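Pasting in a structure now, in structure tokens, and then I'll have a few things to ask.
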């Protein structure tokens, strides 16, 4: 049930069932063969057939088809409600009358290729869902004749249809990133270069291993964690082969197309405070050197345990990847150092 | 007048207050919740009393137990605890059968949920725009002030300090402390926009792509002298280390931000001179770009550097008036 086809098929069926349920419920008061009940049903059935047909395409086709016919359905329902004498139904109808045509426009634009309308369809649905929630709340509190199961069921059926569209629009294959998400991703991408990081450090015994490898006649490799409270940990890889020394810095936990830095090392100087790595052509960088792992005071420490809420922010996939990449490594920096 | 010591001590006191404010928050939360529970026990159900007050007590204890005195943790737990208490308090208002109370209740419940959401964001070390946090908190403050005003007006000149007034005053104090905490630098600098800003500042300073890069008069002279081989030994920060013969650091700035210029001569007194720009001076330095300087010329108030890759870098020499230095010296210099 996790393939995109299955998800789309379920959404189409749910939309149809929701529409059919609304037909039965609307027909409860006006008669099943009344125009008020039959016209929306006809729209839902046409939408169902159209959505089934669009299953041969992608999620975008299915979503645009569903949203288009739901928009038409809302337009008709809004027109019916506007002529209702009940005040709440009138306001409800006005809002639906506004959102329905908008959804038609957004859905047709999405179908034509304007992918960003996906988000607008989602927000249109959420707006009506909020309206339904407020309607139920206010109705249940103040309307004296409110509260029959059919009134509530009708709104719930519509909510199911709208939620189906919302869930569909969030599918990974067609979801658009928001401006905030995009900026956050770009910021992290920029931060990968560590321009602003001034607390990146390695441990003293790690720097000693690097010096030992530099002095050694043999080839080998040293792998260390670069630790920092300002950035995610990096892996420093020093490789010595045929007398040539190369240093790479990789990012842990995320997939990047390139390693961050690949430098041919000319000389490494370790003093009391820094390890400075010199390459050719005047290029250099330096890391702090500490005896022990530094405590991150931005995170709480209770009964000796550091409480890190940052890790919960990572998405499931990134978290899995992080665990996979850092399996067997010791965060204290004592277990990850090895030299061949 | 030499006021450096007084300034230093005053700054130290401010730092100490800021670092211990979380203790105060934790203690106030616990005492307030206990006091509130004692008062509410007479008028409310036991379940409500426990629900409203248990979270602030537990979170207050956690805040006191935090050895790192993490501001994010304090602010986060505080916002969640207060938000939860408000939520439990105001939900019954929504469910009353009076339209006015319901609408006010809905707004208050929304504010309470919003406060909890802020708290969760703070716990993750990621703030929201502080202005909106303050605006939201001000809403609660105005509510409390309105209650005091209503009490004073209603008391007809006979004002007595009872439990209700004490409750409001403590609430006001807690809300004001919350504003103070969210205004602190670590929290303020942790919004998405601030993070992006700090990365972009570092990027533009490191790559030298910002606008109006400038050096003060002394630094411009030191740069030209260093290139010519006339090194001021008092400025030297790296001496005969690795391939570096001499290295100095000079402050520079673009239109708004300041950074550090690393100047190094490699391979002895006649060796090539390299320039690197960085946003900070101390600590680790990563991701910097290095250029070899071929020629330094001074033209008017500009220092023009020609690099080995045929590109040109230009620094403007700042006038004395552009930096905040003693006004008397400035006027002397101008004269």
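The values are calculated or read from the model by the stated rules, or taken from the named source; none is laboratory data. Bear in mind that the values here come from a model prediction, so they are computed numbers and not experimental data. FYI the Cβ positions are ideal-geometry reconstructions off the backbone, even for glycines, and counts take in every protein chain you see.
One line per residue, one yes/no per condition, for (1) surrounded by 15 or more Cβ atoms within 10 Å (Cβ to Cβ); (2) free of Cβ contacts under 8 Å to residues at least 24 places away in the same chain; (3) within 17 Å of residue A:278 (Cα to Cα):
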| position | (1), (2), (3) |
| --- | --- |
| A:217 | no, yes, no |
| A:225 | yes, no, no |
| A:234 | yes, no, no |
| A:247 | yes, no, yes |
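Could you pull out every one of the helices (runs of 4 or more DSSP H) wholly within segment B:112-213 that has 1 or more residues that are away from chain A (no Cβ under 14 Å), more than 26 Å from residue B:34 (Cβ to Cβ) and touching a helix residue (DSSP H, G or I) at 6+ places or on another chain (Cβ under 6 Å)?
B:130-155
I'd like the full set of residues that are farther than 15 Å from residue B:140 by Cβ, within 11 Å of chain A (Cβ to nearest Cβ) and assigned to a helix (DSSP H, G or I), limited to segment B:87-111.
Across segment B:87-111, the qualifying residues are B:94, B:99, B:101, B:102, B:103, B:106.
Let me ask another. Output the number of residues of segment B:28-76 satisfying the condition of being closer than 17 Å to residue B:122 by Cα and either within 14 Å of chain A (Cβ to nearest Cβ) or touching a strand residue (DSSP E or B) at 6+ places or on another chain (Cβ under 8 Å) (or both).
Total satisfying the criteria: 14.
I'd like the residue in segment A:167-186 that is part of a helix (DSSP H, G or I) and crowded, with 17+ Cβ neighbours inside 10 Å and, out of all such residues, is nearest to the other protein chains (Cβ to nearest Cβ). Full working, then the answer.
Within segment A:167-186, the first condition is being part of a helix (DSSP H, G or I), and the residues that meet it are A:167-169, A:179-186.
Now restrict to residues that are crowded, with 17+ Cβ neighbours inside 10 Å: A:168-169.
Working: A:168: 26, A:169: 23 Å.
For segment A:167-186, the residue satisfying everything is A:169.
Considering every residue within segment A:251-262, establish whether at least one is at pLDDT 85 or above and under 29 Å from residue B:186 (Cβ atoms).
Taking segment A:251-262 and keeping what is at pLDDT 85 or above, we get none.
No: zero hits.
From A:39, A:13, A:82, A:49, grab the single residue that is surrounded by fewer than 20 Cβ atoms within 10 Å (Cβ to Cβ), closer than 16 Å to residue A:163 by Cβ and either assigned by TED's automatic domain parsing to the domain that holds residue A:101 or in contact with a helix residue (DSSP H, G or I) (Cβ under 7 Å, 6 or more places away or on another chain) (or both).
Unique residue meeting the criteria: A:13.
This table checks each residue for (1) farther than 30 Å from residue A:260 by Cα; (2) outside any loop (DSSP other than H, G, I, E, B); (3) more than 9 Å from every other protein chain (Cβ to nearest Cβ).
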residue: B:231; (1), (2), (3): yes, no, yes
residue: B:239; (1), (2), (3): no, yes, yes
residue: B:263; (1), (2), (3): no, yes, yes
residue: B:297; (1), (2), (3): yes, yes, yes
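Out of all the residues in segment B:278-294, is one or more within 9 Å of another protein chain (Cβ to nearest Cβ), closer than 14 Å to residue B:213 by Cβ, in contact (Cβ under 8 Å) with a residue 40 or more places away in the chain and in a strand (DSSP E or B)?
yes
Also, quick follow-up: Give the residues of segment B:241-261 that are assigned to a strand (DSSP E or B), buried (at least 17 other Cβ atoms within 10 Å of the Cβ) and more than 10 Å from every other protein chain (Cβ to nearest Cβ), sorted by residue number. Lay out the reasoning, then the answer.
Initial filter on segment B:241-261 (assigned to a strand (DSSP E or B)): B:241, B:244-253, B:258-261.
Now narrow it down to the ones that are buried (at least 17 other Cβ atoms within 10 Å of the Cβ): B:241, B:244-250, B:252-253, B:259-261.
Matches in segment B:241-261: B:245, B:246, B:248, B:249, B:250, B:252, B:253, B:259, B:260, B:261.
Condition (residue is at pLDDT 85 or above, surrounded by fewer than 16 Cβ atoms within 10 Å (Cβ to Cβ) and out of contact with any helix residue (DSSP H, G or I) (no Cβ under 7 Å at 6 or more places or on another chain)) applied to segment B:67-82: is it met by at least one residue?
Within segment B:67-82 (the criterion being at pLDDT 85 or above, surrounded by fewer than 16 Cβ atoms within 10 Å (Cβ to Cβ) and out of contact with any helix residue (DSSP H, G or I) (no Cβ under 7 Å at 6 or more places or on another chain)), the answer is no, since none of the residues qualifies.
Give me the pairs, please: first residue somewhere in segment B:225-237 and in the same structural domain as residue B:298 (by TED's automatic domain parsing) and at positive phi, second residue anywhere and loosely packed, with under 10 Cβ neighbours inside 10 Å and modelled with pLDDT of 85 or more, beta-carbon distance under 9 Å, and either six or more positions apart or on two chains.
B:229/B:269; B:229/B:270
Let me ask you something else. Could you figure out which of (1) part of a loop (DSSP other than H, G, I, E, B); (2) assigned by TED's automatic domain parsing to the domain that holds residue A:289 isn't true of residue A:207?
Result: residue A:207 passes all but (1).
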